[in-house]
Structures are given as structure tokens and as C-alpha cells.
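Participant: This structure is in C-alpha cells; I'll ask about it shortly.
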Ligand SMILES: [Zn+2]
Ligand SMILES: [Zn+2]
């Protein structure tokens, strides 16, 4: 059970994802925070490294520095720290060379 930080009244559950203070109307999310997010992102990266899942990726016109092919699949990956910017990865559709874009 959660309590209102202002009036210390027990919060009333309003729906599946939030609870509300009957006194002041303060509401708080009761949904469990997903701390696995980063791990899931990383496992997504691992799946992409294999053959599975590549059909679901979008392609982009970009030059491959290895073979000169001009098409690559791309995906975004949030690095460990939330402060760091999301990294964009590319993989050549021809030689499968993978690189990243820090921009
Ligand atoms: Zn309250
Ligand atoms: Zn290539």
C-alpha cells in the first residue's frame, strides 16, 4: 500500500496503473518500473547479430565502408547509462559489416 507524501493518507487505487489520494488528489503510478529495459535492448542486439529478426529491421541508403554496398539495416540501441545518447547501428546487407553512428 502506498501513502500520499503530502497528507499521509492511504492512496486509493483508481485503476490498474495508478493510485490516487482521496484527500488532495495526488496520484502515483503503481505500475512496476521495468528495470530490465536495458538488458532487453542488449538481448535484442544479440538477436540481431544472428540471422533471426533481420527481416523486421528497416533498411537505409548508406555506403558501406567495407564493400561499397549502399544499403544497410539499422537499429537503435540505448547504452547502459540513460544519460548517454542512443546509439544507432548499421549493418551492411551485403557483407554484414556492422558499425555504429554516435551522432
Ligand atoms: Zn494527499
Ligand atoms: Zn558491406
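Participant: Can you tell me how many residues in region 5-41 are touching a strand residue (DSSP E or B) at 6+ places or on another chain (Cβ under 9 Å), assigned to a loop (DSSP other than H, G, I, E, B) and at pLDDT below 90? Walk me through it before giving the result.
Facilitator: Here is the first cut: in region 5-41, the residues touching a strand residue (DSSP E or B) at 6+ places or on another chain (Cβ under 9 Å) are 5, 9-14, 17-22, 26-31, 41.
Next, only the ones that are assigned to a loop (DSSP other than H, G, I, E, B) stay: 5, 9, 11, 14, 17, 21-22, 26, 30-31.
Among the residues that remain, those that are also at pLDDT below 90 are: 14, 17, 30-31.
The number of residues fulfilling the criteria is 4.
Participant: Would you tally the residues in region 70-95 being part of a loop (DSSP other than H, G, I, E, B) and more than 16 Å from ligand 2 (Cβ to nearest atom)?
Facilitator: Filtering region 70-95 down to residues part of a loop (DSSP other than H, G, I, E, B) leaves 70, 78-86, 93-95.
Narrowing the set further to residues that are more than 16 Å from ligand 2 (Cβ to nearest atom) leaves 78-86.
The total comes to 9.
Participant: Got a sec? Which of 45, 89 is at pLDDT 80 or above and either touching a strand residue (DSSP E or B) at 6+ places or on another chain (Cβ under 7 Å) or over 30 Å from residue 13 (Cβ atoms) (or both)?
Facilitator: Working: 45 fails: at pLDDT 80 or above.
After ruling out the rest, the residue left standing is 89.
Participant: Let me ask something additional. Within region 65-72, can one find any residue that is surrounded by 15 or more Cβ atoms within 10 Å (Cβ to Cβ) and without any contact (Cβ under 8 Å) to a residue 24 or more places away in the chain?
Facilitator: The answer is yes; a qualifying residue exists.
The values are calculated or read from the model by the stated rules, or taken from the named source; none is laboratory data. Given the structure is predicted, the values throughout are model-derived calculations rather than measurements. Backbone-built Cβ (ideal geometry, glycine too); neighbour counts: all protein chains shown.
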